[in-house]
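Only one structure is covered here, and it is reproduced in the block below.
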Amino acid sequence: MESIISIKGLGKTYADGFSALKNIDLEIQRGELFALLGPNGAGKTTMISIICGIVNPSCGEVTVNGYNIQRDYRKARNEIGLVPQEISTDAFETVWNAVKFSRGLFGKAPNSAYLEKILKQLSLWEKKDNRIVTLSGGMKRRLMIAKALSHEPNVLFLDEPTAGVDVELRQDMWKMVRELKESGVTVILTTHYIEEAEEMADRVGVINRGQLVLVEEKSALMKKMGEKELSLQLPTPLQQIPESLADLPLSLSSDGNQLIYRFDIKSEDSGLAEFLRRLNAANIEFRDLHTRESSLEEIFVNLVHGAQQEQEALPHKEAQA
C-alpha cells in the first residue's frame with residue numbers, strides 16, 4: 001500500500017541536551033487510521049509537531065504526500081489538518097467566521113456548502129452564529145476539528161481529541177472520523193483512551209522515551225502479544241491452590257470461588273488439555289467457565305514496562321563491557 005507519510009531517521013534534541021526523539025523510522029499508509037500510543041512525555045506531540053512544521057527536527061527527513069516538510073513547507077502543510085491538545089481560538093469570533101478564516105489561511109477558495117457540511121457533521125451548525133466564548137468545552141473541541149478540516153486536508157492529526165469531552169460528543173466525533181477514513185482521509189490519532197484505539201485503529205505504534213518501540217497491525221499485535229485467561233467458577237470455595245497444581249500458571253480469587261488459568265495465545269501448546277486433566281485428578285469440580293483475552297491497554301502497559309527495563313539495563317551492560 002502507498003505511504004502518504006514517510007519518516008526516516010527522525011531525531012529531535014533540544015538545547016539543554018534532552019533527546020525527545022531518537023532515530024524514528026515510520027511509514028503511514030494512505031487511508032489508514034494509525035494510533036500512536038505512549039505515556040506522557042514519550043515524544044508523541046513532538047513527533048506530530050515536527051510533521052506539521054511547528055517544531056524543527058535535529059536530523060532526519062519527513063515527507064507528506066511526496067512533499068518534504070522543510071523544503072516544500074507550504075505544500076506539505078496544505079496536506080495536513082491538525083487538532084492540537086490545547087484549545088486555542090479567538091473567544092469573541094463566531095463559529096462560522098472562525099472556520100471560514102481557517103480555510104482562507106490555506107489559500108482555499110470560499111466553499112460555504114463544504115463548511116456547512118462539516119459543521120452539521122459535528123453538530124455545530126445551530127451554533128454557527130454563536131461567539132466561541134459561549135460554547136461548552138466539548139463544543140470548542142468540535143470547533144477545533146472543524147477548523148482542521150476546513151481546507152480539505154488529506155491527512156488529519158488528532159492529538160488527544162476527546163480529552164474532556166462527554167460520551168455523547170465522543171461518539172459523534174468517532175462517527176465522523178470513520179466517515180473521513182472511508183472517504184480516503186488518513187487519520188493519525190494519539191489518545192489516552194486506549195479502548196478507542198482498540199476499536200478503531202488499523203495499526204498501532206508504541207512510542208516510549210523518544211523511541212518507536214513497536215509498529216504493528218492491531219489484530220496481529222493482539223494475537224502475537226496477547227494473553228488469554230480461562231476462568232473456572234467453583235461450586236465450593238478453595239482455601240488455596242492444591243500442591244499438585246502449584247507449578248501451573250494459576251491464581252485464586254480472594255473469595256476462593258474462581259480459579260484462573262493464564263496461557264499465551266501465540267503458543268502452539270496452550271497446556272489447556274493437561275490443565276483440565278490435572279484438575280480432574282485433583283478432584284476439583286467447576287460449574288462454569290469463560291475465557292478472556294488481553295486488552296490493548298494491557299499489551300501497551302507490558303510493552304512500555306519492558307522497554308523501560310531494557311533501556312535502564314543498557315548503561316549497566318555497557319559498563320560491564
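Taken together, the values in this text are just the output of simple stated rules run on the coordinates, not laboratory data. No experiment lies behind these values; they were computed from the predicted model shown. Note that each Cβ is placed from the backbone with ideal geometry, even for glycine, and that neighbours are counted across all protein chains shown.
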- Message: Give me a comma-separated list of calculated 3J(HN,Hα) values for region 129-145, in order, Karplus coefficients 6.51, -1.76, 1.60 applied at θ = phi - 60°, integers in Hz, x for any Gly or Pro.
- Response: 9, 7, 6, 4, 4, 8, 7, 6, x, x, 5, 5, 5, 4, 4, 4, 5
- Item | P(r) of region 3-222 over all Cα-Cα pairs, binned every 5 Å from zero, in whole percent | 1, 7, 15, 19, 20, 16, 12, 7, 3, 0
- Query: Ranked by Cβ crowding within 10 angstrom, fewest neighbours first, how are MET173, MET47 ordered?
  - Reply: MET173, MET47
- Task: Quote to one decimal, in nm, the extra length available between ASP264 and SER58 on full extension: 0.36 nm per residue of separation minus the C-alpha distance between them.
- Result: 70.1 nm
- Just need the relative contact order of region 70-135 here, percent rounded to a whole number, with Cα pairs under 8 Å and 6+ apart. 44
- What ³J(HN,Hα) values, in whole Hz, does the Karplus curve 6.51 cos²θ - 1.76 cosθ + 1.60 give for region 110-123 when θ = phi - 60°, with x put for Gly and Pro? x, 8, 4, 5, 5, 5, 4, 4, 4, 5, 5, 4, 9, 6
- Query: Taking neighbour counts of Cβ atoms within 10 Å as a proxy for exposure, in what order, fewest first, do THR13, THR45, THR186 appear?
  - Reply: THR13, THR45, THR186
- Query: Under 5 Å between amide H atoms, partner at least 5 residues away or on a different chain: which partners does LEU21 have, H built in plane at 1.01 Å?
  - Reply: LYS12
- Item | Residues with amide H under 5 Å from that of LEU289, placed H, sequence gap 5 or more | GLN233
- Task: Output the pairs from LYS8/LYS108; LYS22/LYS181; LYS44/LYS181; LYS175/LYS228; LYS12/LYS140 with a Cα-Cα distance over 25 Å in this structure; if there are none, say none.
- Result: LYS8/LYS108; LYS22/LYS181; LYS175/LYS228; LYS12/LYS140
- If the chain between ASP72 and SER6 were fully extended at 0.36 nm per residue, the gain over the current Cα-Cα distance would be 22.3 nm
- Query: Could you give the nm distance between label points at ALA109 and PHE286, where each point is 7 Å from its Cα heading toward the beta carbon?
  - Reply: 6.7
- Message: Quick check for me: using +1 on Lys/Arg Cβ and -1 on Asp/Glu Cβ, what's the dipole size of region 3-222 about its Cα centre, in debye to the nearest 20?
- Response: 680
- Item | Loop sites in region 10-104: GluC sites (Glu not before Pro), DSSP, at most 10 other Cβ within 10 Å | GLU86
- Query: Relative contact order for region 227-293 using alpha-carbon pairs under 8 Å, separation at least 6, rounded to a whole percent?
  - Reply: 49
- Query: Treating the beta-carbon of each Lys and Arg as +1 and of each Asp and Glu as -1, no other charges, what is the dipole magnitude of region 168-258 about its Cα centre, to the nearest 20 debye?
  - Reply: 340
- If you put +1 on each Lys and Arg Cβ and -1 on each Asp and Glu Cβ, how big is the dipole of region 111-199 around its Cα centre, in Debye rounded to 20? 460
- May I ask you to compute the full-extension gain from THR94 to ALA273, defined as 0.36 nm times their residue separation minus their alpha-carbon distance, rounded to one decimal in nm? 57.8 nm
- Query: In which sequence would CYS59, CYS52 go, from the one with the fewest C-beta neighbours within 10 Å to the one with the most?
  - Reply: CYS59, CYS52
